[in-house]
């Protein structure tokens, strides 16, 4: 009987050891799977809009676009591709206004 009791304790230790490993892996995978969902859920996903009168635009030597808030003088630096795209939009707008002037009406 004592031998059976000793074998049961040994078996219980093995089951407890492997079950702790399986539970730890399951918790780790669950946290890893849901981390992105939880992290993005806590962020504010609203778009911040600003008026052109409230900011200044600048370009540094690496062609990065810098948007400077006139009130706080905080700035945000964007990649050079963003600066190129905004410049192209302004250039197309100016070119469209210059190449297609409004016709003058005679009264």
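We did not get these values from a lab; they are worked out from the coordinates using the rules stated. As the structure is a computational prediction, the values presented were derived from the model and not from experiment.
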Checklist entry - Expressed as an acute angle from 0 to 90° and rounded to the nearest 10, what is the orientation of the C-alpha long axis of helix 80-99 relative to the principal long axis of the chain? => result 30 degrees
Checklist outcome for this item: Tilt, helix 2-42 to longest principal axis of the chain (alpha-carbon atoms), in degrees rounded to tens, equals 10 degrees
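With N set to the residue count of region 52-99, report its C-alpha Rg divided by 2.2 N^0.38 Å to two decimal places.
In units of the 2.2 N^0.38 Å rule of thumb, it is 1.28.
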Checklist entry - If you average 1/r over all unlike Cα pairs in region 1-46 and invert the result, what Kirkwood radius do you get in angstrom? => result 13.6 Å
Checklist entry - Got the relative contact order for the chain handy, in percent, Cα pairs under 8 Å and 6 or more residues apart? => result 12 percent
